[in-house]
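Let me begin by presenting the structure, written as structure tokens, before commenting on it.
The values are calculated or read from the model by the stated rules, or taken from the named source; none is laboratory data. Nothing here was measured: the structure is a model prediction, and the numbers come from that model. Glycine also receives a Cβ, built like all others from the backbone with ideal geometry; neighbour counts cover every protein chain displayed.
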Amino acid sequence: MVAIRKQVNGSSLIEVHNLVKVYKTPAGDFAAVKGIDVDVKAGEFVGIIGKSGSGKSTFINMLTGIDRPTSGEVIIGGAPVHTFNESQMAAWRGRNLGIVFQFFQLLPTLTLLENIILPMELNKQYAPRERRKRAMSLLERVEMEHQADKLPSAVSGGQQQRVAIARALANDPPLIVADEPTGNLDSKTANKIFELFEELAASGKTILMVTHDSDLARRVNRTIVISDGEIVNEYLVRALSALTQDQLVEVARRVKPQAFARDASIIRQGEMGDKFYILLDGKADVLIEQPGGTEILVNQLEAGQYFGEMALMGNGIRTATVKAASDGGAKVAALDSKTFSDLIADSRVLREELAGLIEQRATANEVKSLSGVKHDDLLSMVKGAQAKTCAAGSEIIRQGALGDSFFIIEDGKVDVWIKSADGNETRVNQLKRGQYFGEMALLGDRRRNASVRVSKDGPARLIELGEQEFQKLVNASEGIKQKVQDEAGKRKKELEQVHKSTRRR
């Protein structure tokens, strides 16, 4: 008898290789599962979703030994389950696998307590005197100990499902497979049952849950989507988790993976953007071109992340270059602009998620141009930053006022004005995209040394950092602190010269 070896959390518990299931029908062969490859780590809580007829039940049945594959391998905890005969499978399943069904499947003539004791007796687990004690302990775990002596028919559906979960745990299996465990329950009861599974996963159990409930599926560690007997790329699913199952399947049908060699450009800054990209494998570097032609690395994306949305939701121009990482190639899925537009029109959640990410990325990219701060640290620093669009001629800061904000120009231009003692104003500078202002008051005596207004030729988009965020920024790197201080010193000298020249007039 092969038992599941003790797993180290994070190692593979389930390995499925090229799994195929073909049924013979009067109309010919029907492939229900078509070459599935899956790896599930010990301690993962995995949701399995798919429409009726997608092949998900067939897939689950081959994992549990209820059905046998036409070809391929199912290895669970080192045990080659696909090779077991019926008696081997029954013995292995009893000790290593707990199954929870949609319709509970409790034996109606046994009490709730007896239903939990039965698997221990059948599989000769635990001493006879220990079985009742363990069963009561499991009933306590699911808050059903006070109903122990009742028949299943005397309690509600949700309570029966709690007992079914306790029964699945009777022999302390490392793997729990739940087939639509909330499908026959109301939403409130379903949520309570799901919370039980979350607790089990937190305690180290590996859980595979088949569900039609998209909201519950989003709460698991990882989602496997099955369509027409095949698995939809999980990184596509991860990137577009805001979409419905039908939308995900439709996207998967429309896209074809593209491979890029290391350092190859996928999109280039300044070009017109007509595609949205999802990184399926490898890594991608995001670079911003600086004046003079140099590029700085502002982010590195991993499988399950996406890019290219800023141009499609903005003015059409790419704001950064994205290349396959230098330490290996990258595989991406590209969606054309029409498919992308259809998706965000149909999904408010995705639309809002993208809008928020665009705001965050634009802010981080602009601030990143100041120094070599790590991208993750940068996102944390600018989390509270506000981006706003100001009309032509709008006054951003006023000379003489107390200063408590620092501004970075994301787009457009601003003019810097100095007011002399006689009340006349002189424009002393014009700042453009990627430049900043407002630091002098935060580093000096708190008073603004000049007024700043949006230039007359158009609006400007500004990122505003409060004093706390500004201090985090300058303290994050000696390079950025020195740069800001040097720029403040330079500007102070320029303003002093302007004041002197106006006094001489």
Among residues of the range 406-430, those that are crowded, with 19+ Cβ neighbours inside 10 Å and either among the hydrophobic types (A, V, I, L, M, F, W, C) or touching an Asp or Glu at 6+ places or on another chain (Cβ under 8 Å) (or both), counted: 8
Residue in the range 329-376 that is farthest from Phe276 (Cα to Cα), counting only those that are at pLDDT 80 or above and basic (Lys, Arg): Lys331
The range 183-205 residues that are more than 10 Å from Gly158 (Cα to Cα), paired with ones that are of a type in the set (A, V, I, L, M) and outside any helix (DSSP H, G or I) (beta carbon under 7 Å, 6 or more apart): Leu196/Val142; Phe197/Ala178; Phe197/Ile207; Phe197/Met209; Leu200/Ile176; Leu200/Ile207; Ala201/Ile207; Lys205/Ile176
Selection from the range 236-283 of residues that are buried (at least 20 other Cβ atoms within 10 Å of the Cβ) and among the aromatic types (Phe, Trp, Tyr): Phe276, Tyr277
Top-ranked residue of the range 288-313 - restricted to ones that are at pLDDT 85 or above and of a type in the set (A, V, I, L, M, F, W, C), ranked as surrounded by the most Cβ atoms within 10 Å (Cβ to Cβ): Phe307
Residue match in the range 108-115 (condition: surrounded by fewer than 19 Cβ atoms within 10 Å (Cβ to Cβ), of a type in the set (Ser, Thr, Tyr) and not in a loop (DSSP other than H, G, I, E, B)): no
In the range 148-164, the residues that are touching a helix residue (DSSP H, G or I) at 6+ places or on another chain (Cβ under 6 Å) and part of a helix (DSSP H, G or I): Pro152, Gly158, Gln160, Gln161, Val163
Subset of the range 89-114 [among the polar types (S, T, N, Q) and either under 40 Å from the mean Cα position of the chain (by Cα) or not assigned by TED's automatic domain parsing to the domain that holds Phe197 (or both)]: Asn96, Gln102, Gln105
Some residue of the range 292-299 being in the same structural domain as Val349 (by TED's automatic domain parsing), part of a strand (DSSP E or B), touching a His at 6+ places or on another chain (Cβ under 7 Å) and in contact (Cβ under 8 Å) with a residue 60 or more places away in the chain: yes
Wholly within the range 167-280, helices (runs of 4 or more DSSP H) carrying at least 1 residues that are among the aromatic types (Phe, Trp, Tyr) and farther than 30 Å from Trp92 by Cα: 234-239
Residue check for Gly77: surrounded by 20 or more Cβ atoms within 10 Å (Cβ to Cβ) and under 28 Å from Gly229 (Cα atoms): yes
Matching residues, the range 116-152, being of a type in the set (Gly, Ala, Ser) and either buried (at least 16 other Cβ atoms within 10 Å of the Cβ) or outside the structural domain of Ile165 (by TED's automatic domain parsing) (or both): Ala135, Ala148
Identity of the residue in the range 63-78, modelled with pLDDT of 90 or more and of a type in the set (A, V, I, L, M, F, W, C), that ends up farthest from Lys24 (Cα to Cα): Ile76
Which listed residue is in the same structural domain as Met144 (by TED's automatic domain parsing), closer than 27 Å to Met144 by Cα and surrounded by 21 or more Cβ atoms within 10 Å (Cβ to Cβ), from Lys205, Lys192, Lys188: Lys205
Within the range 57-77, tally of residues that are on the phi < 0 side of the Ramachandran plot and in a strand (DSSP E or B): 5
Some residue of the range 417-427 being more than 42 Å from the chain's Cα centre (by Cα), farther than 19 Å from Gly403 by Cα, modelled with pLDDT of 80 or more and part of a loop (DSSP other than H, G, I, E, B): yes
Odd one out for Asn96, checked against (1) polar (S, T, N, Q); (2) farther than 26 Å from Lys41 by Cα; (3) buried (at least 17 other Cβ atoms within 10 Å of the Cβ): (2)
Qualifying position, being under 28 Å from Leu243 (Cα atoms), in contact with a Lys or Arg (Cβ under 7 Å, 6 or more places away or on another chain) and charged (D, E, K, R), among Glu44, Glu15: Glu44
Ala333, sole failed condition from (1) on the phi > 0 side of the Ramachandran plot; (2) in contact with a Pro (Cβ under 8 Å, 6 or more places away or on another chain): (1)
